[in-house]
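Structure first, commentary second.
The values are calculated or read from the model by the stated rules, or taken from the named source; none is laboratory data. In this text the structure is predicted, and so the values were computed from the model without any measurement. We place every Cβ from the backbone using ideal geometry, glycine too, and count neighbours over all the protein chains shown. For accessibility, only protein heavy atoms count, side chains too; no ligands or nucleic acids. Shrake-Rupley method; radii C 1.70, N 1.55, O 1.52, S 1.80 Å.
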Amino acid sequence: MKIFQILFLFLLLVPFAEIYLLLAVGGIIGAFPTIALVVFTAVLGAWLLKQQGFQTFRRFQENLAQGSIPTYEIIEGPILLIGGALLLTPGFITDLLGFACLFPPLRRKVAQYIIEKHLIEVIQSGSPFRPQGAAPADALEGEFRKED
């Protein structure tokens, strides 16, 4: 399946699953405790997002100060953003996925996968994102001088 089909199914099925799970949990522990639990996970998620965001930004600045490219931190930023959005969405499934995005070892593994499997392929495929100074395999290097 293509990524857009998976995303479409995700956006279609998750709200139904969230509603079902909220109703099931509400039937077991009651409506007010369920709402309190959803609000608590949102507040806890916002606090964790703030902590993880500051740590990622600090590592980003440290790498820049050392003269190295903050590759992982550039990828982890959007993962944190997605995790924060999922945590602020009411429901238990989205909260679970959001907390997974905020878990540093898992976030690092996802960033590593994205860098190794997707970014390196883009660079090697002859895209405009090729590093400067890297000539294509079929390029001829030489000098040019215009004579009148």
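Could you tell me whether any residue of the stretch 32-49 is under 25 Å from I115 (Cα atoms) and touching a helix residue (DSSP H, G or I) at 6+ places or on another chain (Cβ under 9 Å)? Yes, that holds for at least one residue. Of all residues in the stretch 39-49, at least one satisfies being within 20 Å of A111 (Cβ to Cβ) and either hydroxyl-bearing (S, T, Y) or open to solvent by 40 Å² or more (accessible area, probe 1.4 Å) (or both).
Taking each residue of the stretch 100-119 that is touching a residue at least 24 places away in the same chain (Cβ under 8 Å) and looking for partners that are charged (D, E, K, R) and open to solvent by less than 30 Å² (accessible area, probe 1.4 Å) with beta-carbon atoms closer than 9 Å, six or more apart or interchain, yields P104/E76; R107/E76; R108/E76; V110/E76; A111/E73; A111/E76.
Close contacts from the stretch 31-57, counting a first residue that is closer than 13 Å to L86 by Cβ and a second that is among the charged types (D, E, K, R), with Cβ to Cβ under 6 Å and a gap of 6+ residues or different chains, come to T41/D95. Being modelled with pLDDT of 90 or more, of a type in the set (G, A, S), under 30 Å from L23 (Cβ atoms) and open to solvent by 50 Å² or more (accessible area, probe 1.4 Å) holds for only one residue in A85, A65, A100, and it is A85.
Screening the stretch 103-122 for residues that are aliphatic (A, V, I, L, M) and surrounded by 13 or more Cβ atoms within 10 Å (Cβ to Cβ) and picking the one that is farthest from the chain's Cα centre (by Cα) gives L119.
The set of residues from the stretch 1-31 being among the charged types (D, E, K, R) and either over 20 Å from L96 (Cα atoms) or open to solvent by 80 Å² or more (accessible area, probe 1.4 Å) (or both) comprises just one member, K2. F60 meets all of the listed conditions (1) modelled with pLDDT under 90; (2) over 30 Å from A31 (Cα atoms) but one, namely (1). Taking the stretch 68-82 as the range and being within 29 Å of V38 (Cβ to Cβ) and open to solvent by 50 Å² or more (accessible area, probe 1.4 Å) as the test, the residues that pass are P78, L81, I82.
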